[in-house]
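Q: Dropping the structure in here first, questions after.
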């Protein structure tokens, strides 16, 4: 027998658990077709699985992108709201500043029509010097013939609507004239301003 029939003969015998099993070579084409179909089905299933994974990944990325867009939109809205609040606050501050400026201007106009100081007796020997202006006065002095201090009394500062007390002599002149001098600023520039008045009871 030639080698080729022996190979064919040997190839038709398999071992299954140690027992020889013969193959029916007449069904080989069908088996091959089945194998090819099975392989094709496996490849299709694998492709479907990969396709599903790709779609899932694409869906996840689309969801992440949508959430990022929502967060970005929320941040933009918050930024716009913060800018609006800042603008409102700035407008309120400007309005308050302008209102304060108007009030101070009205106070200055009213003070211009009134004496800058007021002198009120506090008993027989004491006089109260009151700053009637809406602004502080600096380097203030009160002097006169009846003032009980050489060179008069002096104060570095008398705030707006505040007062200081000084002493006068009791004498025939029940209402001695008082000379008040001051500066409008802390810097002694030029001559001081001057006012004369009489204490009132």
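Q: At least 2 residues that are at positive phi and modelled with pLDDT of 90 or more in each: list the strands (runs of 3 or more DSSP E) lying fully within the stretch 103-184 that qualify. Explain how you work it out, then say what you get.
A: Numbers: elements: 117-121, 126-131, 137-143, 153-158, 163-167, 178-183.
Because the criterion is at least 2 residues that are at positive phi and modelled with pLDDT of 90 or more, no strands (runs of 3 or more DSSP E) in the stretch 103-184 meet it.
Q: Out of all the residues in the stretch 158-165, is one or more more than 30 Å from residue 100 (Cα to Cα) and crowded, with 17+ Cβ neighbours inside 10 Å? Outline the logic, then answer.
A: Let us first name the residues in the stretch 158-165 that are more than 30 Å from residue 100 (Cα to Cα), namely 165.
From what's left, crowded, with 17+ Cβ neighbours inside 10 Å: none.
Checking the stretch 158-165: not a single residue is more than 30 Å from residue 100 (Cα to Cα) and crowded, with 17+ Cβ neighbours inside 10 Å.
The values are calculated or read from the model by the stated rules, or taken from the named source; none is laboratory data. Everything numeric here is computed off the predicted structure, so don't read it as measured data. We place every Cβ from the backbone using ideal geometry, glycine too, and count neighbours over all the protein chains shown.
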